[in-house]
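One structure is given here, and the rest of the page talks about it.
Every number in this text was worked out from the coordinates using simple rules, so none of it is lab data. What you are looking at is a predicted structure, and each value in this text was computed from that prediction instead of being measured. All Cβ positions, glycine included, derive from the backbone under ideal geometry; neighbour counts span all protein chains shown.
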Amino acid sequence: MKPDAVLTVGLFTTARQLQNGHAYRPGGRFVRLAKAGLKHDVFLYAFVPEWIDEARRMIRAVPLFLSDRTSPSARRPVVLSALDVVYNRLPTRDDEARALRAIRTLERWTGGALFNPRFFDKWSVYILLKLSGATVFMPHTERCISKGDLIRWAEGAKSAPLQADDPPGLFSFYLKPLASRLGEGIYAVRREKDALWLVDAEGQRARFADAWALADALWPLIQSRAYLLQRAVRRSTLSGRAVDLRALVQKNARGRFRLSGIGARVGAPGAPTTHIARGGTVRALRSALDALFFPAETVQIIERAKAASLAVAERLDARAGGRLGELSLDFAPAEDGALWLLEVNAKPMAFDETRIERRWRAGFFQTVRYFAARAKAHAGLRGGK
């Protein structure tokens, strides 16, 4: 495909998001992306599952690139007979499950040019990376199948010897929903003297005398969902606040992943996560790391984060049949400078760092060019048979 070919790209979302999502309002993230696309000959539309007409092979969609101040949800949809690429931004797993038929239809219509087709499953990602031999540190993780699993881990935390150099508030392990976003549903357990403390995603704490008491209280709250047990690492902290690194990678026009940026997040005091929605704050990357390590160590940690991000992306993309276009990764720098992979996200949220968002927009147009060219090449191969 020629670099200057005009592309029609569909952003696949829900009516709920199109009407109420900030990203779709004038000046919102996807509206800004669409307007930037005009300089790249990319025309970005938004559409929802209900607007797909399989019988007529047509899609109703609203243009996101218009210069007026009208919200896209208030515009009259236009009818498109074809899309070159589809960008899957269905916001939740439930939305995705309801739209599976639509996703398959779109993959067929575009010749496979639909990227980021599925949310990741935390357990599947953990097992895949373990089996693939990926050179990345991951905390030991198990499925929490029964109340007995919870008791076993809590008893292990209760009986583990306390170290003289243990920092205040050091967690023993986490419970994470198999499918969640923004830290929702996470619990952390830590030992203090002869008691166990349970901390939820909002930072609320409860004290328990033993593992059985903790399990009796917690199991009813989690038994209806699939949960993982994950060992905590001795992560670096700033005045008792956890520090995480968040990386963004995107495919370029040749289909190779490239790092678009790394940001730093600092959690609220005593909180189990660093998510902004849970009281976390944004810190400049080097400033956060320089407060924890020597400058030479900071450089090494950033390089390790870059290498690990690209290695993980390549392995997950191979498993996904080459259909990933972007993903974000969360790392925890440990006290010794080791970098631990905590989570991988198939639908990256907006970055608060302006420079990373700017690179994301530029990278997006390379990504869609790659998927359009790949679909065209595949169509040529099929036509030649």
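Taking Cα centroids, how far is the stretch 280-297 from the stretch 197-230 in Å?
The stretch 280-297 and the stretch 197-230 have Cα centres spaced 32 Å from each other.
Return the long-range amide H neighbours of LEU342 (sequence gap of 5 or more, or a different chain), with a cut-off of under 5 Å between placed amide H atoms.
For LEU342, whose amide H was placed from the backbone, the distant partners under 5 Å are ASP330, PHE331, ALA332.
Can you give the translational diffusion coefficient of the stretch 7-118 in µm²/s, computed by Stokes-Einstein from the Kirkwood radius over Cα pairs at 37 °C and 0.692 mPa s?
Calculated translational D: 236 µm²/s.
Which residue, GLY133, GLY261, GLY156, tops the fluctuation ranking in a GNM of the chain built on C-alpha contacts under 10 Å?
GLY133
For the stretch 330-341, in order, what is each residue's ³J(HN,Hα) by Karplus, 6.51 cos²θ - 1.76 cosθ + 1.60 with θ = phi - 60°, in whole Hz (x at glycine and Pro)?
Calculated HN-Hα couplings, in order: 10, 10, 10, x, 7, 4, 8, x, 5, 10, 10, 7 Hz.
Would you please state the base-10 log of I(q)/I(0) at q = 0.06, 0.13 1/Å for the chain, with intensities from the Debye formula using one equal scatterer on every alpha carbon?
Debye intensities relative to I(0), on a log10 scale: -0.26, -1.10.
For the stretch 70-124 and the stretch 1-59, what is the separation of their Cα centres, given in Å?
Distance between centres, Cα-based: 10 Å.
Of the options LEU198, THR110, LEU129, report the single residue whose Cα projects farthest towards the positive end of the charge dipole of the stretch 83-242 (beta-carbon charges: Lys, Arg +1; Asp, Glu -1).
THR110
Taking the mean number of other Cβ atoms within 10 Å as a proxy for protection, how do you rank 175-181, 16-22 from highest to lowest?
Sorting 175-181, 16-22 by mean packing, highest first, produces 175-181, 16-22.
Anything in the chain that counts as a DSSP H helix reaching 20 Å or more along its axis (C-alpha) with Kyte-Doolittle mean of at least -1.0? List them, would you?
Passing helices, by number: 295-319, 354-383.
Using helices alone, I'd like the mean residue ellipticity at 222 nm for the chain: each DSSP H run of four-plus residues gives -39500 (n - 2.57), total over residue count, nearest 500.
Value at 222 nm, helices only, nearest 500: -10500 deg cm²/dmol.
Check LEU324: other-chain or 5+ apart residues with amide H under 5 Å from its amide H, H built from backbone geometry?
Placed amide hydrogens put ASN116 under 5 Å from LEU324.
From the backbone phi of the stretch 245-259, what are the Karplus-calculated ³J(HN,Hα) couplings (6.51 cos²θ - 1.76 cosθ + 1.60, θ = phi - 60°) in whole Hz, Gly and Pro given as x?
Residue by residue, the stretch 245-259 yields 10, 10, 10, 10, 10, 9, 7, 8, 5, 9, x, 9, 6, 10, 6 Hz.
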